[in-house]
Amino acid sequence: MEKRLLSGNEAIARGAYEAGVTVAAGYPGTPSTEILEALSRHRDQVYCEWAPNEKVAFEVAAGACLTGARCLVTMKHVGLNVAADPLMTLAYTGVVGGLVACVADDPGMHSSQNEQDSRHFARFGKVPLLEPADSQEAADYTKLALELSERHRTPVLLRSTTRVSHSRGPVLLGERHPSPLKIGFEKDPPRYVPVPIWGRQMRLRLEERLKKLAAEADGSPLNRIEWRDRSLGIIAGGIAYPYVREAFPEASVLKIGWTFPFPDGRIREFAAGVKQLLIVEELDPILEEHVRSLGIDCIGKELVPAIGELSTTFLSDVRRQLEGKGKSALTPFPEACLDIPARPPVLCAGCPHRGIFYALGRFDVVVTGDIGCYSLATFPPLSRIDTILCMGGGISMAHGMDRAGNPRKVVGVVGDSTFFHSGITGLLDIAYNQGTSTIIVLDNRTTAMTGHQCHPGTGMTLMGTQSPVISIEEIGRACGIANVVTVNPYRLESVKETLKTALESDQPWLIVARAVCPLAAKAKVGPVLQVNQERCIGCGACLKLGCPAIEGGTGKPQVNPLLCIGCDLCRQVCPKQAYEERKGGADV
């Protein structure tokens, strides 16, 4: 049988393929994005789609699984918040074909606004949760989760983390095994319609199912005891397990792969067989609290960090503390303690968002931002985003500030994919409740932050087929916004005039700033520029754009021709017309 080096995300996709999944949906979000991209390569056997948001994706999978199809839905941890509504009720109605929700947490907040622990949702929703520790387990656990889902008629959560999702490991490839179930929904309202009279019975069945799952978890090989030196026993799951094996090679370990329902019998057996018990888990003390609830004494978050990613280095430090060799000097975010100049990420050279935020800097307004590349406009020299909350929050928070009577005008900013994800309802709220906020949709024709995925405004699906290009402007008008205008963010004077008109109005405005992401288009916007050193007076006006192609420091600025894409913003802000077309283009 063939072995292949796969990332955890690719391995999850492979497991889904081999298990006979035929419908998969999701919304892109690091660290989960590559699961669906990898699975979509089997488009002749698996239907895959990027849904407008995670709730829709989960509901698509829920509908498909009730016909008997095996289904996968993917998202990052904050996406599970959006999908929680259908998850909670599907746990009541149950499934027919297997349904697995792959959720990728982000300890350390590498690309996220928080580092919530998705294991809480398993207990909250009363559904089983599996946690792979490497790529092989990622593939195997996906297949097990689908089998478990069908056998117990329950949705199953598969929790990954950044390190599992993006690390590579050898995976033994298997054959695809189509589902034996025949596709076709069978009418059964008492099972699928959770109105109170039937929902109460579903609630009772849910508790009975949990008892059966708990009993099975106790005997599952996913939760295994590795007896070694019994002076110290460690309970660990997910990525924490390989770290434990490296830092404590001689310790006995209870490796947790099936996290919820908790394997109480296995936990009691293990705890009784060791002298001292240590719980190692990333983020929240979920296992630790449950072990304590069983009346078992243990060591946990008093030594193991509850913030950020774990590592062998952290656990080696835990070992030193256990051995009485001093307190920890480590910090969950070591880079925050380094005494070096800050180097925050910046918008790419020629990014169309730069023009909008530069223009906003000419007005005394509050800017409520959102989740996307444009979050980088928070940093100097643009410094033009004041708040970030969640997907779609840029619009709704602007309305909230406006209705609260904020003395300064409020501008809400979202991206095009974010607008389709959860911005439309906020815009509808502004129109319905007669707000006066100005909303800007930064439409760069792609979901840029997570790697240029398609969305309803791109005219292309994940399956590679053309589809209608959904108009943001038409949606805005349909929501009831009378003032809708489209601008080219590379034309600063036009942008500033439009903003002035909108901000002086007592009505809501929708401004669509449309220009293709240069990285996605792989093309320059215009001719490469250079600085005429004789005309330049070194005033630094161009440096306020924050463009990485303009290199400042000592002396007069210069343009790096390999980075410049010819967006022309620098020429528009230069008071001495010192920017001119470079002879020979980008050749150096």
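Overview of results
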quantity: Subset tally (residues that are among the small types (Gly, Ala, Ser), touching a strand residue (DSSP E or B) at 6+ places or on another chain (Cβ under 8 Å) and part of a loop (DSSP other than H, G, I, E, B)) for the range 98-146; calculated: 4
quantity: Every residue from the range 381-395 that is buried (at least 23 other Cβ atoms within 10 Å of the Cβ) and either over 20 Å from LEU499 (Cα atoms) or in contact with an Asp or Glu (Cβ under 7 Å, 6 or more places away or on another chain) (or both); calculated: MET391, GLY392, GLY393, GLY394
quantity: Selection count, the range 65-90, where residues are small (Gly, Ala, Ser) and surrounded by fewer than 20 Cβ atoms within 10 Å (Cβ to Cβ); calculated: 1
quantity: For ASP229: the one exception among (1) of a type outside the set (A, V, I, L, M, F, W, C); (2) under 27 Å from GLY308 (Cα atoms); (3) free of Cβ contacts under 8 Å to residues at least 24 places away in the same chain; calculated: (2)
quantity: Residue within the range 489-502 that is within 30 Å of TYR432 (Cα to Cα) and assigned to a loop (DSSP other than H, G, I, E, B) present; calculated: yes
quantity: Matching option when the condition is surrounded by fewer than 17 Cβ atoms within 10 Å (Cβ to Cβ) and of a type in the set (Asp, Glu), among ASP402, ASP370, ASP364; calculated: ASP364
quantity: The one condition in (1) within 30 Å of TRP198 (Cβ to Cβ); (2) crowded, with 20+ Cβ neighbours inside 10 Å; (3) basic (Lys, Arg) that LYS143 fails to fulfil; calculated: (1)
quantity: Residue that is farthest from PRO345 (Cα to Cα), among those in the range 368-420 that are in contact with a Phe, Trp or Tyr (Cβ under 7 Å, 6 or more places away or on another chain) and of a type in the set (A, V, I, L, M, F, W, C); calculated: VAL413
quantity: The range 472-487, residues that are without any contact (Cβ under 8 Å) to a residue 12 or more places away in the chain and farther than 14 Å from GLY423 by Cβ; calculated: GLU474, ARG477
quantity: In the range 51-64, residue surrounded by the fewest Cβ atoms within 10 Å (Cβ to Cβ) [restricted to those that are out of contact with any Cys (no Cβ under 6 Å at 6 or more places or on another chain) and more than 15 Å from LEU157 (Cβ to Cβ)]; calculated: GLY63
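Yes/no per residue for (1) within 33 Å of the chain's Cα centre (by Cα); (2) not hydroxyl-bearing (Ser, Thr, Tyr):
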| position | (1), (2) |
| --- | --- |
| VAL495 | yes, yes |
| SER505 | no, no |
| ALA513 | yes, yes |
| CYS517 | yes, yes |
| GLN533 | no, yes |
| CYS536 | no, yes |
| ILE550 | yes, yes |
| GLN558 | no, yes |
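Quick note: the coordinates plus some simple rules give every number you see, no bench work behind them. Treat the numbers as computed from the prediction; the structure is a model and nothing was measured. A quick note on method: Cβ atoms are made from the backbone with ideal geometry, for glycine too, and the neighbour counts reach across all protein chains shown.
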